[in-house]
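Engineer: Dropping a structure here in structure tokens format, bear with me for questions.
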Amino acid sequence: MEPRLTDSLSVVFILSILLSTGSSESDRDLKFCGIWRHGKNFLSLSVNLSPGCSEISISANTSSLSIDGKITSQCQHSDVIPLRQFGLESEEEIRFCLHWEPLLDHFRLQLGETTLNLCRPSSLQRSCCTYLSDSSGEPEAPFGIINGTVRTDFITNKTRSAYKFKGESIDCKHLCAEEINGPTRANMIKEEDSCTRSIEVEMKDDFRGSNFTSPVTIGSSAELTTTVHVPPALKQAAKGTNKVHCTFFQNISLFQEVQKKIMILTSVVEITVENEVIIDLSEPIRIGFHHDPIPKKHSRRCVSWDTRKDPYQVNWLVDGCVTQQKGEEHTECFCNHLTYFSVLVQMEPRPVRHLLALTVITSVGCIVSAISCVALIIFLYRKRRSQEQSIPIHLGLAVSLLLLCLLFFFTGILANMGGEGLCTWVGAGLHYSLLISFSWMGIEVFHTFWLVYMVFSPLPKGIWKLWSLVGFGLPAVPVIILATVGNIYGLREVVPSDDVSNPYLMCWMKSTYKALLAHYFTTMTILVILVSSGIVMLFLVYRKIQTRDEWRQGRVAFLSIWGLSCLFGTTWGLTFLDFGPLSDFVLFLSCILNSFQGFLLMLRFYMLEWIRKQAGGSALGSNSTGSTRQQMLQAQEKS
């Protein structure tokens, strides 16, 4: 019994040592996550960071989340940030994660889906505050932080008012060497190496420019390097210092934007002149990014990190940079200022080929269609006293197409003039005009079905009031709901494949995930229903009128089917065929047919009216071919 007892005590002793070692284990960097339980009243983030290496405290109460301490190498930041602008006050509990990278002196806080950069990444410093260990001893509180975790290690499920982590100061170069040549060989081939590569050059009086090349990271290809050429113009622009710093970052995850279908390529380059802001260089800085092959369906643009709009969030802008594509594996950037630079790959939506030609065709088509719709409205208005029930429906469709053409023509102009604020209203108006056009086409389908199959059951008088409610009122419901939700309508960039630095601006739905869902659940769903029902109705009408004597006249047959195709919205079905080798052809055909739709409808009505007059007013030429009983069933369409 005694040996067994001894063995058991040994096991317990060893386990206790292992457990105590695990609980006191410290990490080189910090990733602390938790859930902030608050009181939903005027929430704010309080930040007070300063250089040093003693302790970092993360605390929370009913209205404030606070980050306080000395942990950075050179970053000093003190501010109170209201959280209302991020839409977080409606949530009872907010999940957050705090990331601290000592080698880059980078502090990042993720609140919900919003990421705030409290300290921007910088080049390798002399002293790093690292090996952070938990020293919390705060009692349980009704409001504060629950389910605190460090990386994947769970601390406690109790609500604490604060967590504290003590740091240890160490030479950054020693820490970097330790990371690369650590106890495991895995760190030697790590794809995202946190150790930055910084190069400093003194700009002397005879400075004629300088070239920088990023050192090859262990485990990466020598062909995937980044080159920088600094022009002599930087010497004249820099006033207070003669040194230019170039830092190459391999850990690109620090710079990725959240919830956007874009991706940062290969590496990020920071070019700075100490304590100076350099803009509008007379000769641009040239940066060459060598990267993995990029498929043609994805556009790429040279971007720089702008901190003017929001100093805490990563805002990649194309302003001040020109992009030149040197093949699938090489991109050159020409930028006239100093900051962080990279190449942004647009994953969705894909760039548009022949955008200029398509824009010209659409603009001309919209103007011609708008004029045609005005002429058609006048023509139908003069015939409003006739006994044809289809006249109000045709009028509704003409009015909706007129509004759609006008808004679509002016959307590019208004986007450049009014910016985001005006584009919110114009985008909602454009969506509404598109939906009412689809609605009136759907009414045309239903009315034609009634005339074809309910020959002896005329529609009740005053039905046009119901048509107006369905055609103009019902589409307003989803538009109002989406406008109330917010962040759906606004400025939209359409990127041309041949000039990614010069996108076309328009007012429409934004390129966000929420706007994409709204587009599919409203526009695309209604379009699928319209096109499918229109094609079915077109086939049924064809079967009804193909045996008529008038059908043998080519012009009547053509105008009947062609006119019904426009009325029923089947031309919009080409939208679903934009793929494969015939993608460009389908895109141009869809652009021509849909932008000139108003003109084609006017032409149809006027031609049928001319045919009717030539036939002496007989049933041959009813002005509502395909939507009247005279044309389809040789019956009178009278109320």
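Engineer: Apply the Karplus parameterisation 6.51 cos²θ - 1.76 cosθ + 1.60, with θ equal to phi minus 60°, to every residue of region 225-234 and state each ³J(HN,Hα) to the nearest whole Hz, in sequence, with x for glycine and proline.
Structural biologist: Using θ = phi - 60°, the values come out as 8, 10, 10, 10, 10, 9, x, x, 4, 5 Hz.
Engineer: Rolling a 1.4 angstrom probe over the protein heavy atoms, how many square angstrom per residue are accessible across region 355-615?
Structural biologist: Dividing the accessible area of region 355-615 by its residue count gives 48 Å².
Engineer: Treat each spin label as a single point 7 Å out from the Cα along the C-beta direction, and report the Asn242 to Ile279 distance in nm.
Structural biologist: 2.8 nm
Engineer: Further, regarding this structure: Please give the charge dipole size of region 355-615, origin at the Cα centre, charges +1 on K and R Cβ atoms and -1 on D and E Cβ atoms. Round to the nearest 20 debye.
Structural biologist: With only Lys, Arg, Asp and Glu charged at Cβ, the dipole is about 1180 debye.
Engineer: So, with a 1.4 angstrom probe, what is the percent of accessible area on region 355-615 that is carbon and sulfur? Please report the intermediate quantities before stating the final value.
Structural biologist: On the way: 9110 of 12620 Å².
Roughly 72 percent of what the probe reaches on region 355-615 is carbon or sulfur.
Engineer: Within 9 Å, Cβ to Cβ, of Ser54, how many net charges do the neighbouring residues add up to if Lys/Arg are +1 and Asp/Glu are -1?
Structural biologist: Result for the neighbourhood of Ser54: +1.
Engineer: In terms of modelled amide H atoms, which long-range or inter-chain residues lie less than 5 Å from the amide H of Arg28?
Structural biologist: Sorted by chain and number, the residues that satisfy this are Tyr131.
Engineer: Tell me, in nm to one decimal, what length is gained between Met263 and Val80 on full extension, where the rule is 0.36 nm per residue of separation less the Cα-Cα distance?
Structural biologist: Here the answer is 62.8 nm.
Engineer: Can you give me the long-range amide H partners of His298? Hydrogens built in the peptide plane at 1.01 Å from N, cutoff under 5 Å, separation of 5 or more residues or another chain.
Structural biologist: none
Engineer: Sort Tyr606, Tyr513, Tyr312 by accessible area with a 1.4 Å probe, largest first.
Structural biologist: Final ranking, largest accessible area leading: Tyr513, Tyr606, Tyr312.
Engineer: Return the sequence-ordered ³J(HN,Hα) values of region 513-530 in whole Hz as given by the Karplus equation 6.51 cos²θ - 1.76 cosθ + 1.60 applied to θ = phi - 60°, using x for Gly and Pro.
Structural biologist: Coupling constants for region 513-530: 5, 5, 5, 5, 4, 4, 5, 6, 7, 10, 4, 5, 5, 5, 5, 4, 5, 5 Hz.
Engineer: Pairs Lys383/Lys544; Lys383/Lys613; Lys31/Lys70: which are spaced more than 19 Å apart, C-alpha to C-alpha?
Structural biologist: Numbers: Lys383/Lys544 27 Å; Lys383/Lys613 15 Å; Lys31/Lys70 17 Å.
Beyond 19 Å between Cα atoms: Lys383/Lys544.
Engineer: Under a 5 Å amide H to amide H cut-off, with H placed in plane at 1.01 Å, what residues pair with Thr72 once short-range neighbours are removed?
Structural biologist: When sequence neighbours closer than 5 places are left aside, the close amide H contacts are Ser50, Gly52.
Engineer: Related question: Counting only C-alpha contacts under 8 Å and six or more residues apart, can you give the relative contact order of region 355-615 as a whole percent?
Structural biologist: Computed over region 355-615, the figure is 25 percent.
Engineer: What area, in nm² and to one decimal, does the C-alpha convex hull of region 352-430 cast on average over all directions?
Structural biologist: 6.5 nm²
Engineer: Output the Kirkwood hydrodynamic radius of region 355-615, Cα pairs only, in Å rounded to one decimal.
Structural biologist: This gives a value of 19.6 Å.
Engineer: Of Met509, Met602, Met263, which has the most accessible area and how do the rest follow, probe 1.4 Å?
Structural biologist: Most to least solvent-accessible, the answer reads Met263, Met602, Met509.
The values are calculated or read from the model by the stated rules, or taken from the named source; none is laboratory data. In this text, all values refer to a predicted model and were calculated from it rather than measured experimentally. Positions of Cβ are backbone-derived with ideal geometry, glycine not excepted, and every protein chain shown enters the neighbour counts. All accessible areas refer to the heavy atoms of the entire protein, side chains included, with ligands and DNA or RNA removed. Shrake-Rupley method; radii C 1.70, N 1.55, O 1.52, S 1.80 Å.
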